[in-house]
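For reference, the structure is listed below as structure tokens.
The values are calculated or read from the model by the stated rules, or taken from the named source; none is laboratory data. All values reported here derive from a predicted model rather than from experimental measurement. Cβ sites come from the backbone with ideal geometry, for glycine too, and all protein chains shown count toward neighbours. In case anyone asks, the SASA skips ligands and DNA or RNA and just uses the protein heavy atoms, side chains included. Shrake-Rupley method; radii C 1.70, N 1.55, O 1.52, S 1.80 Å.
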Amino acid sequence: MRETTETGVKGNAEHRFWSKVIRGPRPEHCWIWVGAIADDGYGRFHLDGASVRPHRYSLALDLGLAHAQLPELMHECDVPLCVNPRHLGMGDRQSNMVDRQRKLRAANGSGLRFRGLPRAAMAARSRALREDLLAHGWDAQRIHAINTGAHVEDPTLF
């Protein structure tokens, strides 16, 4: 029997949400969304007939708020698929722009090379990260390579 709403049973939406997240082994690691990915490289989660950003839903769950109550958010880690509430901060457009400048992401610069990419390239990078996690599980070196735009099979110095 199919439910009429996503939240018909307490915790059903939360259970569905967390089933699409792969957490790193340590609390400070990213928690990567492996569900649907939009054309901007950010995740999508369907909740009560609407599409919401998974990182917003994760922080709302953590704070005990409705996701619609949250202001604009900032990723401290700069990984669009990260839903770890410890990596998310509340902000506004101005604080996001200041953060972008501070992290040298303006004018197509980026330490992680996620920022400054065209939308299609960001979506491709996010999808590559998702597919690699699903195929290989949590592997910090592989995740770092994808986030920096390197090939996962390239040798590293350390």
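Would you point out the residue of the stretch 46-69, among those that are more than 19 Å from Arg86 (Cβ to Cβ), open to solvent by less than 50 Å² (accessible area, probe 1.4 Å) and touching a residue at least 12 places away in the same chain (Cβ under 8 Å), that is farthest from the chain's Cα centre (by Cα)?
The qualifying residue farthest from the chain's Cα centre (by Cα) is Leu47.
Just wondering, is there one or more residues in the stretch 94-104 that are at pLDDT 80 or above, out of contact with any Phe, Trp or Tyr (no Cβ under 6 Å at 6 or more places or on another chain) and either part of a strand (DSSP E or B) or open to solvent by less than 50 Å² (accessible area, probe 1.4 Å) (or both)?
No: zero hits.
Which of the residues belonging to the stretch 77-86 are surrounded by fewer than 19 Cβ atoms within 10 Å (Cβ to Cβ) and over 11 Å from His55 (Cβ atoms)?
Selection gives Arg86 alone.
Under 7 Å between Cβ atoms, which residue pairs at least 6 apart in sequence (or on different chains) link something in the stretch 16-42 that is under 23 Å from Ala121 (Cβ atoms) with a partner that is among the basic types (Lys, Arg) and in a loop (DSSP other than H, G, I, E, B)?
Within 7 Å, the pairs are Trp33/Lys20; Val34/Lys20; Gly35/Lys20; Tyr42/Arg53.
Would you mind stating whether Phe114 is surrounded by 12 or more Cβ atoms within 10 Å (Cβ to Cβ), aromatic (Phe, Trp, Tyr) and at pLDDT below 90?
yes
Could you please find all residues in the stretch 130-140 being surrounded by 12 or more Cβ atoms within 10 Å (Cβ to Cβ) and assigned to a helix (DSSP H, G or I)?
Correct list: Arg130, Glu131, Asp132, Leu133, Ala140.
Across the stretch 117-158, which residue is modelled with the lowest pLDDT among those that are out of contact with any Leu (no Cβ under 8 Å at 6 or more places or on another chain) and of a type in the set (S, T, N, Q)?
So, considering only residues that are out of contact with any Leu (no Cβ under 8 Å at 6 or more places or on another chain) and of a type in the set (S, T, N, Q), the one modelled with the lowest pLDDT is Thr156.
Show me the strands (runs of 3 or more DSSP E) found entirely inside the stretch 21-79 where at least 2 residues are among the β-branched types (Val, Ile, Thr).
Counting at least 2 such residues, we get 21-23.
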